[in-house]
Amino acid sequence: MNRTITLAQGNGGEENRELISRLFFKPLANEILERAEDAAVIEEGRLAFTTDSFTVSPLFFPGGDIGKLSVCGTCNDLAMMGARPKYLTLGVILEEGFETQALERIVESLSRELNRNGAIVVAGDTKVVPKGSVDGVFLNTSGIGEILVEGISASRVCPGDAILVSRDIGRHGAAIFAGREGIELSSAVESDCASLWPMVEALLKEGITPHAMRDATRGGVASALGEWAEASGVSPEIDEGALPVSAEVAGICEMLGFEATALANEGTFLLALPPGEASRALEILRRFEGNESAAIIGEVTDRYPGRVVLRSSWGTSRFLEMPTGELLPRIC
Ligand code: MG
């Protein structure tokens, strides 16, 4: 590893994973942390617990803002463990000179998103640092959720499982990039930033039994699938042609040389579940606004344990690698 921290080490991909496993997992090792789930499962499987920090730039972007994002990020990680989000904490680091009105807008947005999850903020902390010490505002939220269905885990993905994605991919990454660079042509791209609990609740209530769920945030679908492959020792095989990508996101990818599978999402998740439940799960997901493009994108095999296979429409296939390099700093 380098002597100093690089931006690539925050990319949600390969370098980020290396940093976490070398610097944090070893000295802090314990059985719960080592499971590396979206949220820690504690108290004999009754509760899920997680934390997330938010440094997104710009603070307001098409489809969301740092306040909405700070609730979605943490509540979605709880939802991915089959947990109903309940209690959040909110840490706020403000830069001297930040506009009070902007902070008001951020908190209003945060509050609206909490309501969508049925969660509340029960503790918080506010710090103000001198101008230049932080860029505007950084947030941290931690959350506790009540696990409704036990056993959902990144290590439970099995050969034979169907893999679904809840909507078209890559929107958050594309929207942030377009917002930052002022790309006029793609002003139509909105972030997918959304709370996933309502969809997860509907799936669970209607008897769907996911083996694993993961929101494809930093590092995109490629990272989420790679993590499943590693944690479960299986081989997710994905049909490239089945991956839903909007025309706007495809355009940005083409223009900038990105892969949609490596772009971040903030309201898009993957499910691995028994194949017999796939079409029913798809039907439930598509009831939700924005999720009309939910799709079955492949299945799990044991052909190349630990690797993700991407099958092209031409009949060829290649491994889908974990994203590397300095993807997009401050995406979330
Ligand atoms: Mg997650």
Would you confirm, using the coordinates I've provided, whether Gly219 is more than 16 Å from the ligand (Cβ to nearest atom) and not hydrophobic (A, V, I, L, M, F, W, C)? no
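Which one of these is within 12 Å of the ligand (Cβ to nearest atom), assigned by TED's automatic domain parsing to the domain that holds Arg180 and among the acidic types (Asp, Glu): Glu227, Glu201, Glu206? Don't jump to the end; show me each part of the working.
Details: Glu201 fails: within 12 Å of the ligand (Cβ to nearest atom); Glu206 fails: within 12 Å of the ligand (Cβ to nearest atom).
So the residue among Glu227, Glu201, Glu206 that is within 12 Å of the ligand (Cβ to nearest atom), assigned by TED's automatic domain parsing to the domain that holds Arg180 and among the acidic types (Asp, Glu) is Glu227.
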When both residues are 6+ apart or on different chains and their Cβ atoms are under 8 Å apart, which pairs have a first residue that lies in the range 34-52 and is within 16 Å of Gly12 (Cα to Cα), and a second that is basic (Lys, Arg) and within 16 Å of the ligand (Cβ to nearest atom)? Asp38/Arg214
Can you find a residue in the range 177-190 that is within 14 Å of the ligand (Cβ to nearest atom) and either closer than 23 Å to Arg17 by Cα or touching a residue at least 40 places away in the same chain (Cβ under 8 Å) (or both)? no
Turns out the helices (runs of 4 or more DSSP H) fully within the range 1-82 with at least 2 residues that are acidic (Asp, Glu) are 14-19, 31-34
Counting only residues in the range 134-181 that are touching a Pro at 6+ places or on another chain (Cβ under 9 Å) and among the acidic types (Asp, Glu), the one farthest from Ala194 (Cα to Cα) is identified as Asp161
Filter the range 70-94 down to the residues that are within 13 Å of the ligand (Cβ to nearest atom), of a type outside the set (Ser, Thr, Tyr) and under 15 Å from Cys193 (Cβ atoms) and list them by number. Cys72, Gly73, Cys75, Asn76, Asp77, Ala79
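Only one of these is within 30 Å of Ile252 (Cα to Cα) and either in the same structural domain as Ala224 (by TED's automatic domain parsing) or not β-branched (Val, Ile, Thr) (or both): Arg116, Arg171. Name it. Give the steps one after another, and end with the answer.
Working: Arg116 fails: within 30 Å of Ile252 (Cα to Cα).
When all the criteria are applied, what remains is Arg171.
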Could you tell me whether the range 204-225 includes any residue that is surrounded by fewer than 18 Cβ atoms within 10 Å (Cβ to Cβ), at negative phi and either touching a Lys or Arg at 6+ places or on another chain (Cβ under 9 Å) or among the polar types (S, T, N, Q) (or both)? yes
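The values are calculated or read from the model by the stated rules, or taken from the named source; none is laboratory data. This one's a predicted model, so the numbers in the text were calculated from it and none came from an experiment. Don't worry about glycine lacking a Cβ; one is built from the backbone with ideal geometry, like all the others, and counts go over all protein chains shown.
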